[in-house]
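Report on the following structure.
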Amino acid sequence: MAEPQRLLFAVSEAFPLVKTGGLADVAGSLPAVLHRLGVDVRILLPAYGTLLAKLETSKEVARLQLPGGNVALLETHMPDSGVPVWLLEHPAFSGRDGNPYQDASGQPWSDNAERFMLLSQAAAALALGETALDWRADALHCHDWHTAPAIALLAEREERPKTVFTIHNLAHLGLFDRATFERLSLPWAWWSPEAMEFHGQFCFMKGGLAFADWITTVSPTYAREICSAPGGMGLEGLLSHRRQHLVGILNGIDTDIWNPATDPLLAANYDATQLERKALNKRALQDELGLPPRDDLPLFGFVGRLAEQKGIDLLLPVLDELVAARAQLAILGTGEARLEQALGEFAAQHPDAVALRLAYNERLAHRIEAGADVFLMPSLFEPCGLNQMYSLRYGTLPLVRAVGGLADTVTDASEATIAAGTANGFAFTEADSSALRTALDRALLLWRQPAHWMALQQRAMSGDFSWERSAHQYLDLYGFSPES
Ligand code: ADP
Ligand code: GLC
């Protein structure tokens, strides 16, 4: 039998070991599927202090001497899938608590350039087999700015693995000043607009965009949006230039973790044939959040980072009307202080209708997905979005702005799509509150028609959001053939 093909998956977060957003969900679930398809996949992650504290076992398997410092490589496995994980141990990662990217006041760690250059150097060394380990990669897959320079490092080598770079979010480019570039002692050729210089700054993300064999992003619509302004965030020229090597591959979801029929975090499990049991989750959520226990009021949920991207600024002006329409709201998130404050003031004025939890809480996220009637995602842009897919699977109809992956997964309930049986949620186009308001009105109207609502829920729950198809697209780009 042929040797399995070897893939190094280099990334800054992976669920359940460390998570701040959807990137971690993807890095937890895609390698698990590739592993099942017979790929010898290894995940490379920084050994953050909080991650090490969670581990039951790990062992040191190598020491690497990298330009950015000497590090130890620990080995462990993903708890559910068993995928091998290499952890890069260095005090810049292990020696501090809290968020992987920023300090407690929300400021980026001052040595982020050094930290993630070290991660990138480790990824390149491991992929090339330049370590004491008897392993080198046939393909290297890097994600977002944190590991992008690894692709640039490989591009300089004649004999090298294939490289695939995935853009999860162009809002974070990994920009640093020239002094930082000089301090890192990097190849001078990198300080050029064709390489990683970007308007007088050093841009980690460009290492992936300029040099990868294949660039992917996480939905077909976002792949189109980033080839022009404003979606391209200033990189639309480079991305259009590389259009022949840019592919939009829709993210899948972990259908074991996000399964309403088996989810252990829910008050009651259910499937599309037992939607009356979903109501038990609504009641449990109302109890837990201190909202009046009312079946006859629609409950709107939101879970996510409170960042400009997520469209909270569109939502704030319509909240009054939602409450006037006697809707309830369950909001879970953390993020920008101004958004936390605006939501906090609104919630304080309407304690009977609005429950706000400014926290990161995996359990409550599941319970909102199951207990709400409608899930709100009015994002200004959304490369893919996972929450709308979780919502669809939980029969909680998503109400989204039709951008990026939201446009690719949610079909607006119009007369035509309802008649055709393809509607699974609500979508609006313009980035303004009145467009959102109209969509909310339509959702409220339909919610009062239970037979129609249930048909939409069943349609939503029948969607296939598993990784299978997308995983095969990645195999093609790696140049791997799936095990027959
Ligand atoms: P993004 O990656 O832009 O944050 P996604 O929709 O792709 O958006 O993924 C967000 C992920 O993070 C989802 O799994 C969501 O449930 C989770 N999440 C975000 N904020 C919170 C929170 N405050 N508590 C629990 N889970 C959260
Ligand atoms: C990013 C995007 C989100 C996407 C996630 C996983 O954080 O904001 O839309 O779902 O990455 O690819």
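The values are calculated or read from the model by the stated rules, or taken from the named source; none is laboratory data. Since the structure is predicted, the reported quantities are computational estimates derived from the model, not experimental observations. Cβ atoms come from the backbone with ideal geometry, glycine included; neighbour counts cover every protein chain shown. Keep in mind that these areas ignore ligands, DNA and RNA; they rest on the heavy atoms of the full protein, side chains included. Shrake-Rupley method; radii C 1.70, N 1.55, O 1.52, S 1.80 Å.
Ile368 contributes about 0 Å² of solvent-accessible surface, heavy atoms of the protein only, 1.4 Å probe. Phi angles of segment 348-356 translate, via the Karplus equation with coefficients 6.51, -1.76, 1.60 and θ = phi - 60°, into HN-Hα couplings of 5, 6, 10, x, 7, 10, 10, 10, 10 Hz per residue; Gly and Pro are given as x. Remark: the Ala179-Asp441 segment gains 89.0 nm on full extension, using 0.36 nm per residue and subtracting the alpha carbon distance. Heavy-atom accessible surface of Lys59, to the nearest 10 Å², is about 120 Å², with a 1.4 Å probe and all protein chains retained.
When Ser228, Ser185 are compared by accessible area of protein heavy atoms, the largest-first order is Ser185, Ser228, using a 1.4 Å probe. Our note on the geometry: Cα centres of segment 21-52 and segment 399-433, 31 Å apart. Of the solvent-accessible surface of the chain, computed with a 1.4 Å probe and all protein chains present, 51% belongs to carbon and sulfur. Over all pairs of different C-alpha atoms in segment 361-440, the reciprocal of the mean inverse distance, the Kirkwood hydrodynamic radius, equals 12.7 Å. Note on segment 254-385: the alpha carbon radius of gyration divided by the globular reference 2.2 N^0.38 Å gives 1.03. In this structure Glu340 has an accessible area near 50 Å², from a 1.4 Å probe over the protein heavy atoms.
For Leu380, the residues whose modelled amide H falls within less than 5 Å of its own, excluding neighbours fewer than 5 places apart on the same chain, are Lys310, Gly311. Computing FRET efficiency as 1/(1 + (r/R0)^6) for Glu321 and Gln458, where r is the C-beta to C-beta distance and R0 is 25 Å, gives about 0.30. The value given for segment 86-139 is a Kirkwood hydrodynamic radius of 12.6 Å, derived from the mean inverse Cα-Cα separation. Put simply, the C-alpha atoms of segment 18-89 give a gyration tensor, and the ellipsoid matching it has half-axes of 21, 15, 12 Å, longest first. For segment 422-439, putting each phi into the Karplus relation 6.51 cos²θ - 1.76 cosθ + 1.60 with θ = phi - 60° gives couplings of 10, 5, 9, x, 9, 9, 10, 10, 5, 7, 9, 5, 6, 5, 4, 4, 4, 5 Hz, in residue order, rounded to whole numbers and with x for Gly and Pro. Remark: spin-label model distance Ser110-Glu197 equals 2.8 nm, labels positioned 7 Å along the Cα→Cβ axis. Rounded to 0.05, the FRET efficiency of the Ala132 and Asp432 pair, given R0 = 60 Å and the Cβ-Cβ distance, is 0.55. Taking 0.36 nm per residue of separation and subtracting the Cα-Cα distance, full extension of the segment from Gln244 to Thr57 would add 62.9 nm. For segment 275-461, the alpha-carbon radius of gyration amounts to 0.93 times the rule-of-thumb value 2.2 N^0.38 Å expected for a compact globular protein.
In order along segment 395-411, the phi-based Karplus estimate (6.51 cos²θ - 1.76 cosθ + 1.60, θ = phi - 60°) of 3J(HN,Hα) comes to x, 9, 5, x, 10, 10, 8, 7, 10, x, x, 5, 5, 7, 10, 10, 9 Hz; Gly and Pro are listed as x. Charges were assigned to the Cβ only: +1 to each Lys and Arg, -1 to each Asp and Glu. The resulting dipole of the chain about its Cα centre is roughly 240 debye. Once you have a ≥ b ≥ c as the square roots of the Cα gyration tensor eigenvalues for the chain, tell me rounded if a/c is under 1.5, and otherwise prolate or oblate according to whether a/b is larger than b/c. Prolate. Length gained on full extension, Ala261 to Thr20, computed as 0.36 nm times the residue gap minus the Cα-Cα distance: 84.2 nm. Surface analysis of segment 275-461 yields an accessible area of 38 Å² per residue, using protein heavy atoms and a 1.4 Å probe. Computed over segment 391-484, relative contact order equals 29 percent, with contacts defined as Cα pairs under 8 Å that lie 6+ residues apart. Rounded to the nearest 5, the antiparallel percentage of DSSP beta bridges internal to segment 275-461 is 0%. For segment 288-331, the C-alpha radius of gyration divided by 2.2 N^0.38 Å, with N the number of residues, is 1.26.
If both residues of a DSSP beta bridge must be in the chain, then about 30% of such bridges are antiparallel. Using C-alpha pairs under 8 Å with a sequence gap of at least 6, the mean separation divided by the residue count of the chain gives a relative contact order of 12 percent. For segment 275-461, the relative contact order is 21 percent, taking Cα pairs closer than 8 Å that sit 6 or more residues apart in sequence and dividing their mean separation by the residue count.
In this structure the amide hydrogen of Gly425, modeled in the peptide plane, comes within under 5 Å of the amide hydrogens of Thr411, Ala413, none closer than 5 places in sequence on its chain. Calculated mean residue ellipticity at 222 nm for the chain: -10500 deg cm²/dmol, from DSSP H runs with n ≥ 4 weighted as -39500 (n - 2.57), summed, divided by the residue count and rounded to 500. With the biggest extent put first, the Cα atoms of segment 335-386 measure 33, 25, 19 Å across the principal axes.
Taking amide H as placed 1.01 Å from N in the peptide plane, the amide H of Val83 sits under 5 Å from that of Met78, each at least 5 places away or on another chain. What is the distance in Å between the Cα centres of segment 347-394 and segment 208-267? Centre-to-centre distance over Cα atoms comes out at 22 Å. Annotated for the chain: lysine pairs at least 8 residues apart or interchain, Cα distance under 29 Å, count 12.
Sorting the segments 356-363, 419-426 by their mean number of nearby beta carbons within 10 angstrom, highest to lowest, gives 419-426, 356-363.
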